[in-house]
Amino acid sequence: MDRARKTLMRLAVPDLVSNSYFPAIAAVELGFMREEGLDVELDLLFPVTDAVAALRDGAIDFLAGSAHAPVYADPGWQDVQLLGALARNMYWFLVVRPDLDVERTTLTRLANVRIGAAPGPDLGLRRLLAAEGLDIAAAGVTIEPVRGADAGNVSFGVTAAQALADGRIDAFWANGMGAEVAVRRGVGRVVVDARRDASQAAQFTFPALMATRRTIRDEPEATAAAMRGIARAQSELRADPGLATGVGRALFPAMEAELIAEVVARDVDFYEQAISREAVSNLVEFTRASGLTSGGAGYDDVVAPAAQKLWA
(Lines give C-alpha, C1' and ligand atoms only; values in the text may rest on other atoms or scores of the structure.)
Protein backbone atom coordinates (compact mmCIF):
# COMPACT_ATOMS: atom_id res chain seq x y z
CA MET A 1 0.00 0.00 0.00
CA ASP A 2 1.48 3.37 -0.92
CA ARG A 3 1.91 6.08 1.69
CA ALA A 4 -0.94 8.25 0.35
CA ARG A 5 -3.43 5.48 1.20
CA LYS A 6 -2.38 4.96 4.82
CA THR A 7 -4.39 7.75 6.44
CA LEU A 8 -7.63 9.58 5.79
CA MET A 9 -6.58 13.18 5.25
CA ARG A 10 -8.67 16.31 5.70
CA LEU A 11 -9.10 19.05 3.10
CA ALA A 12 -11.00 22.14 4.23
CA VAL A 13 -12.71 24.91 2.29
CA PRO A 14 -13.99 28.15 3.85
CA ASP A 15 -17.13 28.13 1.68
CA LEU A 16 -18.69 24.95 0.39
CA VAL A 17 -21.69 26.24 -1.62
CA SER A 18 -19.49 28.27 -3.92
CA ASN A 19 -17.57 28.28 -7.15
CA SER A 20 -14.51 29.80 -5.46
CA TYR A 21 -12.77 26.54 -4.54
CA PHE A 22 -14.76 24.27 -6.81
CA PRO A 23 -11.86 22.37 -8.45
CA ALA A 24 -10.84 21.11 -5.00
CA ILE A 25 -14.44 20.25 -4.06
CA ALA A 26 -14.94 18.45 -7.37
CA ALA A 27 -11.65 16.57 -7.04
CA VAL A 28 -12.95 15.04 -3.81
CA GLU A 29 -16.61 14.56 -4.70
CA LEU A 30 -15.96 13.09 -8.19
CA GLY A 31 -13.42 10.66 -6.75
CA PHE A 32 -10.39 12.00 -8.60
CA MET A 33 -8.22 12.21 -5.49
CA ARG A 34 -9.25 8.71 -4.46
CA GLU A 35 -8.32 7.41 -7.90
CA GLU A 36 -4.94 9.08 -7.45
CA GLY A 37 -4.44 7.10 -4.24
CA LEU A 38 -5.58 9.60 -1.62
CA ASP A 39 -8.54 9.21 0.75
CA VAL A 40 -9.80 12.67 1.66
CA GLU A 41 -12.52 14.02 3.92
CA LEU A 42 -13.94 17.37 2.78
CA ASP A 43 -14.64 19.85 5.60
CA LEU A 44 -16.18 23.31 5.81
CA LEU A 45 -14.11 25.63 8.01
CA PHE A 46 -15.08 29.32 8.02
CA PRO A 47 -13.62 31.91 7.93
CA VAL A 48 -10.43 31.31 5.98
CA THR A 49 -8.44 33.15 8.66
CA ASP A 50 -9.42 30.44 11.16
CA ALA A 51 -8.96 27.69 8.59
CA VAL A 52 -5.35 28.60 7.91
CA ALA A 53 -4.62 28.61 11.64
CA ALA A 54 -6.09 25.09 11.79
CA LEU A 55 -3.84 24.11 8.89
CA ARG A 56 -0.76 25.52 10.59
CA ASP A 57 -1.62 23.69 13.81
CA GLY A 58 -2.19 20.34 12.08
CA ALA A 59 -5.96 20.08 12.57
CA ILE A 60 -6.37 19.75 8.79
CA ASP A 61 -3.95 18.56 6.12
CA PHE A 62 -4.85 20.71 3.12
CA LEU A 63 -6.70 23.98 2.66
CA ALA A 64 -8.30 25.30 -0.51
CA GLY A 65 -8.53 29.01 0.18
CA SER A 66 -7.27 32.48 -0.65
CA ALA A 67 -3.59 32.59 -1.60
CA HIS A 68 -2.98 35.42 0.88
CA ALA A 69 -4.57 33.49 3.77
CA PRO A 70 -1.30 31.91 5.05
CA VAL A 71 0.09 35.21 6.28
CA TYR A 72 -2.78 35.62 8.77
CA ALA A 73 -1.31 32.70 10.70
CA ASP A 74 2.22 32.65 9.33
CA PRO A 75 3.43 36.15 8.30
CA GLY A 76 6.88 34.95 7.30
CA TRP A 77 5.74 31.99 5.17
CA GLN A 78 7.67 29.72 7.54
CA ASP A 79 5.00 27.04 8.04
CA VAL A 80 2.48 27.18 5.16
CA GLN A 81 3.16 27.15 1.42
CA LEU A 82 1.06 27.15 -1.73
CA LEU A 83 0.97 23.96 -3.78
CA GLY A 84 -0.89 25.20 -6.83
CA ALA A 85 -3.60 27.55 -8.02
CA LEU A 86 -7.21 26.47 -8.28
CA ALA A 87 -7.72 29.32 -10.75
CA ARG A 88 -6.14 32.62 -11.70
CA ASN A 89 -7.02 36.05 -10.31
CA MET A 90 -8.99 37.45 -7.39
CA TYR A 91 -12.43 35.91 -7.53
CA TRP A 92 -14.99 37.94 -5.59
CA PHE A 93 -17.84 40.20 -6.71
CA LEU A 94 -19.12 43.48 -5.33
CA VAL A 95 -22.91 43.25 -5.45
CA VAL A 96 -25.06 46.24 -4.47
CA ARG A 97 -28.76 46.76 -3.98
CA PRO A 98 -30.34 47.66 -7.35
CA ASP A 99 -31.13 51.28 -6.45
CA LEU A 100 -27.67 52.17 -5.17
CA ASP A 101 -26.19 54.90 -7.38
CA VAL A 102 -22.76 53.47 -8.04
CA GLU A 103 -20.95 51.83 -10.97
CA ARG A 104 -17.48 50.38 -11.41
CA THR A 105 -16.20 53.78 -12.54
CA THR A 106 -17.83 55.66 -9.66
CA LEU A 107 -16.88 53.63 -6.61
CA THR A 108 -15.86 56.83 -4.84
CA ARG A 109 -19.58 57.64 -4.61
CA LEU A 110 -20.01 54.94 -2.01
CA ALA A 111 -21.13 56.63 1.20
CA ASN A 112 -22.88 55.51 4.36
CA VAL A 113 -23.33 51.94 3.13
CA ARG A 114 -23.03 48.62 4.91
CA ILE A 115 -21.03 46.04 2.96
CA GLY A 116 -20.95 42.40 4.01
CA ALA A 117 -17.60 40.67 3.54
CA ALA A 118 -15.97 37.66 5.17
CA PRO A 119 -12.69 37.97 7.11
CA GLY A 120 -9.87 37.42 4.63
CA PRO A 121 -11.77 38.26 1.43
CA ASP A 122 -12.63 41.68 2.93
CA LEU A 123 -9.02 42.70 2.47
CA GLY A 124 -9.32 42.50 -1.33
CA LEU A 125 -12.24 44.93 -1.27
CA ARG A 126 -10.49 47.31 1.12
CA ARG A 127 -7.43 47.47 -1.12
CA LEU A 128 -9.56 47.86 -4.25
CA LEU A 129 -11.50 50.77 -2.77
CA ALA A 130 -8.33 52.38 -1.46
CA ALA A 131 -6.77 52.14 -4.92
CA GLU A 132 -9.83 53.95 -6.31
CA GLY A 133 -9.25 56.78 -3.84
CA LEU A 134 -12.10 56.07 -1.44
CA ASP A 135 -11.46 56.87 2.23
CA ILE A 136 -13.64 54.14 3.71
CA ALA A 137 -13.89 55.64 7.18
CA ALA A 138 -14.54 59.19 6.00
CA ALA A 139 -17.23 57.95 3.59
CA GLY A 140 -19.04 56.13 6.37
CA VAL A 141 -18.58 52.77 4.64
CA THR A 142 -18.58 49.74 6.93
CA ILE A 143 -17.18 46.40 5.78
CA GLU A 144 -18.10 43.63 8.20
CA PRO A 145 -19.09 39.96 8.31
CA VAL A 146 -22.73 39.07 7.67
CA ARG A 147 -24.60 37.89 10.75
CA GLY A 148 -25.32 34.17 10.56
CA ALA A 149 -22.66 33.37 7.96
CA ASP A 150 -20.63 31.46 10.54
CA ALA A 151 -23.53 29.28 11.67
CA GLY A 152 -23.11 25.66 10.64
CA ASN A 153 -23.12 24.43 7.08
CA VAL A 154 -23.93 27.70 5.31
CA SER A 155 -22.48 29.66 2.41
CA PHE A 156 -21.22 33.16 3.04
CA GLY A 157 -22.23 34.35 -0.44
CA VAL A 158 -25.73 32.89 -0.32
CA THR A 159 -26.21 34.20 3.23
CA ALA A 160 -25.04 37.63 2.09
CA ALA A 161 -27.53 37.57 -0.80
CA GLN A 162 -30.32 36.92 1.68
CA ALA A 163 -29.09 39.71 3.95
CA LEU A 164 -29.16 42.06 0.95
CA ALA A 165 -32.71 40.99 0.15
CA ASP A 166 -33.71 41.58 3.77
CA GLY A 167 -32.22 45.08 3.78
CA ARG A 168 -29.72 44.23 6.51
CA ILE A 169 -26.83 45.29 4.27
CA ASP A 170 -26.53 47.56 1.23
CA ALA A 171 -23.95 45.51 -0.64
CA PHE A 172 -21.75 42.45 -0.31
CA TRP A 173 -18.37 41.21 -1.46
CA ALA A 174 -18.51 37.47 -2.03
CA ASN A 175 -18.24 34.55 -4.45
CA GLY A 176 -19.86 34.09 -7.83
CA MET A 177 -22.59 31.87 -6.43
CA GLY A 178 -23.73 34.56 -4.02
CA ALA A 179 -23.65 37.10 -6.85
CA GLU A 180 -25.64 34.82 -9.14
CA VAL A 181 -28.31 34.16 -6.52
CA ALA A 182 -28.70 37.88 -5.79
CA VAL A 183 -28.97 38.78 -9.47
CA ARG A 184 -31.40 35.95 -10.25
CA ARG A 185 -33.62 37.00 -7.37
CA GLY A 186 -33.52 40.63 -8.46
CA VAL A 187 -32.14 41.82 -5.14
CA GLY A 188 -28.63 42.73 -6.28
CA ARG A 189 -26.59 44.17 -9.12
CA VAL A 190 -22.94 43.34 -9.88
CA VAL A 191 -20.66 46.37 -9.82
CA VAL A 192 -17.24 44.67 -9.68
CA ASP A 193 -16.23 41.28 -11.06
CA ALA A 194 -12.71 41.17 -9.64
CA ARG A 195 -11.48 38.22 -11.72
CA ARG A 196 -12.12 40.11 -14.95
CA ASP A 197 -11.41 43.60 -13.66
CA ALA A 198 -9.13 45.73 -15.78
CA SER A 199 -7.33 47.17 -12.76
CA GLN A 200 -4.44 45.76 -10.76
CA ALA A 201 -7.02 44.49 -8.26
CA ALA A 202 -7.49 41.35 -10.35
CA GLN A 203 -3.94 40.37 -9.43
CA PHE A 204 -4.15 40.84 -5.64
CA THR A 205 -4.79 37.19 -4.78
CA PHE A 206 -6.24 33.94 -6.16
CA PRO A 207 -7.69 30.63 -4.92
CA ALA A 208 -5.02 28.06 -4.11
CA LEU A 209 -4.33 24.70 -2.51
CA MET A 210 -1.95 24.94 0.42
CA ALA A 211 -0.31 22.76 3.03
CA THR A 212 2.30 23.00 5.76
CA ARG A 213 5.95 22.44 5.04
CA ARG A 214 5.66 19.48 7.40
CA THR A 215 3.00 17.78 5.27
CA ILE A 216 4.87 18.57 2.06
CA ARG A 217 8.03 17.02 3.53
CA ASP A 218 6.52 14.04 5.35
CA GLU A 219 3.66 13.15 2.97
CA PRO A 220 5.05 13.72 -0.54
CA GLU A 221 2.88 11.01 -2.13
CA ALA A 222 -0.28 12.41 -0.53
CA THR A 223 0.64 15.93 -1.57
CA ALA A 224 1.28 14.86 -5.15
CA ALA A 225 -1.97 12.86 -5.23
CA ALA A 226 -3.98 15.88 -4.04
CA MET A 227 -2.44 18.03 -6.73
CA ARG A 228 -3.04 15.44 -9.46
CA GLY A 229 -6.66 15.11 -8.36
CA ILE A 230 -7.20 18.85 -8.61
CA ALA A 231 -5.42 19.07 -11.96
CA ARG A 232 -7.73 16.37 -13.25
CA ALA A 233 -10.78 18.19 -11.90
CA GLN A 234 -9.68 21.39 -13.62
CA SER A 235 -9.20 19.51 -16.90
CA GLU A 236 -12.49 17.61 -16.70
CA LEU A 237 -14.47 20.73 -15.81
CA ARG A 238 -12.88 22.67 -18.66
CA ALA A 239 -14.01 19.91 -21.02
CA ASP A 240 -17.48 19.53 -19.48
CA PRO A 241 -18.69 22.15 -16.97
CA GLY A 242 -21.89 20.13 -16.69
CA LEU A 243 -20.04 17.76 -14.35
CA ALA A 244 -20.48 20.45 -11.72
CA THR A 245 -24.21 19.79 -11.50
CA GLY A 246 -23.74 16.32 -10.03
CA VAL A 247 -21.38 17.73 -7.42
CA GLY A 248 -23.85 20.48 -6.64
CA ARG A 249 -26.76 18.07 -6.24
CA ALA A 250 -24.72 16.04 -3.76
CA LEU A 251 -23.63 19.00 -1.64
CA PHE A 252 -25.67 22.15 -2.35
CA PRO A 253 -29.24 23.31 -1.74
CA ALA A 254 -31.51 22.77 -4.75
CA MET A 255 -31.34 26.25 -6.31
CA GLU A 256 -27.56 26.54 -6.04
CA ALA A 257 -27.10 22.97 -7.32
CA GLU A 258 -28.83 23.88 -10.57
CA LEU A 259 -26.81 27.10 -10.95
CA ILE A 260 -23.30 25.80 -10.27
CA ALA A 261 -22.54 24.44 -13.76
CA GLU A 262 -23.35 27.79 -15.34
CA VAL A 263 -21.23 29.65 -12.81
CA VAL A 264 -18.33 27.22 -13.24
CA ALA A 265 -18.57 27.45 -17.03
CA ARG A 266 -17.69 31.14 -16.79
CA ASP A 267 -14.58 30.34 -14.77
CA VAL A 268 -13.04 27.39 -16.59
CA ASP A 269 -10.76 29.55 -18.77
CA PHE A 270 -9.06 30.59 -15.52
CA TYR A 271 -8.51 27.02 -14.29
CA GLU A 272 -4.74 26.70 -14.22
CA GLN A 273 -2.62 25.02 -11.55
CA ALA A 274 0.71 26.69 -12.29
CA ILE A 275 1.49 29.82 -10.27
CA SER A 276 3.52 32.43 -12.14
CA ARG A 277 6.28 34.49 -10.61
CA GLU A 278 4.29 37.59 -11.47
CA ALA A 279 1.31 36.26 -9.51
CA VAL A 280 3.51 35.71 -6.44
CA SER A 281 5.10 39.13 -6.77
CA ASN A 282 1.65 40.74 -6.88
CA LEU A 283 0.48 38.59 -3.96
CA VAL A 284 3.44 39.54 -1.79
CA GLU A 285 2.95 43.23 -2.58
CA PHE A 286 -0.75 42.93 -1.74
CA THR A 287 0.00 41.43 1.68
CA ARG A 288 2.67 44.05 2.36
CA ALA A 289 0.48 46.99 1.29
CA SER A 290 -2.35 45.60 3.40
CA GLY A 291 -0.20 45.52 6.51
CA LEU A 292 -0.24 41.74 6.89
CA THR A 293 3.50 41.43 6.37
CA SER A 294 6.35 43.84 6.82
CA GLY A 295 9.01 42.25 4.63
CA GLY A 296 9.33 40.55 1.30
CA ALA A 297 9.12 36.88 0.44
CA GLY A 298 10.66 35.06 -2.47
CA TYR A 299 8.91 32.79 -4.93
CA ASP A 300 10.25 29.61 -3.32
CA ASP A 301 9.16 30.88 0.11
CA VAL A 302 5.57 31.20 -1.05
CA VAL A 303 5.29 28.27 -3.48
CA ALA A 304 6.61 24.86 -2.42
CA PRO A 305 9.52 23.92 -4.73
CA ALA A 306 8.43 20.26 -4.63
CA ALA A 307 4.99 21.25 -5.91
CA GLN A 308 6.34 23.29 -8.79
CA LYS A 309 7.75 20.11 -10.33
CA LEU A 310 4.31 18.51 -10.41
CA TRP A 311 2.40 21.09 -12.44
CA ALA A 312 1.16 19.75 -15.74
Going through the range 57-109 one residue at a time, which ones are under 17 Å from the mean Cα position of the chain (by Cα) and polar (S, T, N, Q)?
66, 81, 89
Members of the range 41-68 that are buried (at least 21 other Cβ atoms within 10 Å of the Cβ), out of contact with any Ser or Thr (no Cβ under 7 Å at 6 or more places or on another chain) and among the β-branched types (Val, Ile, Thr)
52, 60
Looking at the range 74-100, which of its residues are within 17 Å of residue 292 (Cα to Cα) and open to solvent by 20 Å² or more (accessible area, probe 1.4 Å)?
75, 76, 78, 79
Which one is surrounded by the fewest Cβ atoms within 10 Å (Cβ to Cβ), of the residues in the range 190-212 that are among the charged types (D, E, K, R) and part of a helix (DSSP H, G or I)?
196
Which pairs do you get when a residue that is in contact (Cβ under 8 Å) with a residue 40 or more places away in the chain, found in the range 129-141, comes within reach of a residue that is assigned to a loop (DSSP other than H, G, I, E, B) and open to solvent by 30 Å² or more (accessible area, probe 1.4 Å), reach meaning Cβ atoms under 7 angstrom, with the pair 6+ apart or on two chains?
131/199
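Select from the range 167-208 the residues that are small (Gly, Ala, Ser) and under 21 Å from residue 65 (Cβ atoms) and list them in ascending order.
Matches in the range 167-208: 174, 176, 178, 179, 194, 201, 202, 208.
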Go through the residues of the range 101-124 one by one and say whether even a single one is open to solvent by 10 Å² or more (accessible area, probe 1.4 Å), touching a residue at least 12 places away in the same chain (Cβ under 8 Å) and in a strand (DSSP E or B).
yes
Scan the range 144-160 and tell me whether some residue there is under 18 Å from residue 111 (Cα atoms), basic (Lys, Arg) and part of a loop (DSSP other than H, G, I, E, B).
no
Taking only the range 245-288 into account, find how many residues are part of a helix (DSSP H, G or I), open to solvent by 20 Å² or more (accessible area, probe 1.4 Å) and among the acidic types (Asp, Glu).
5
Please go through the range 289-304 and give me each residue that is open to solvent by 60 Å² or more (accessible area, probe 1.4 Å) and either of a type in the set (Val, Ile, Thr) or modelled with pLDDT of 95 or more (or both), ordered by number.
300, 301
Report, ordered by the first and then the second residue, all pairs with beta carbons closer than 7 Å, sequence separation of six or more or different chains, a first member in the range 168-192 that is in contact (Cβ under 8 Å) with a residue 40 or more places away in the chain, and a second member that is acidic (Asp, Glu) and open to solvent by 20 Å² or more (accessible area, probe 1.4 Å).
173/122; 191/103
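The values are calculated or read from the model by the stated rules, or taken from the named source; none is laboratory data. Quantities reported herein were computed from a predicted structural model and do not represent experimental measurements. Virtual Cβ from ideal backbone geometry, glycine too; neighbours counted across all protein chains shown. When the accessible area is computed, the model is the full protein with side chains, heavy atoms only, and any ligands, DNA or RNA have been set aside. Shrake-Rupley method; radii C 1.70, N 1.55, O 1.52, S 1.80 Å.
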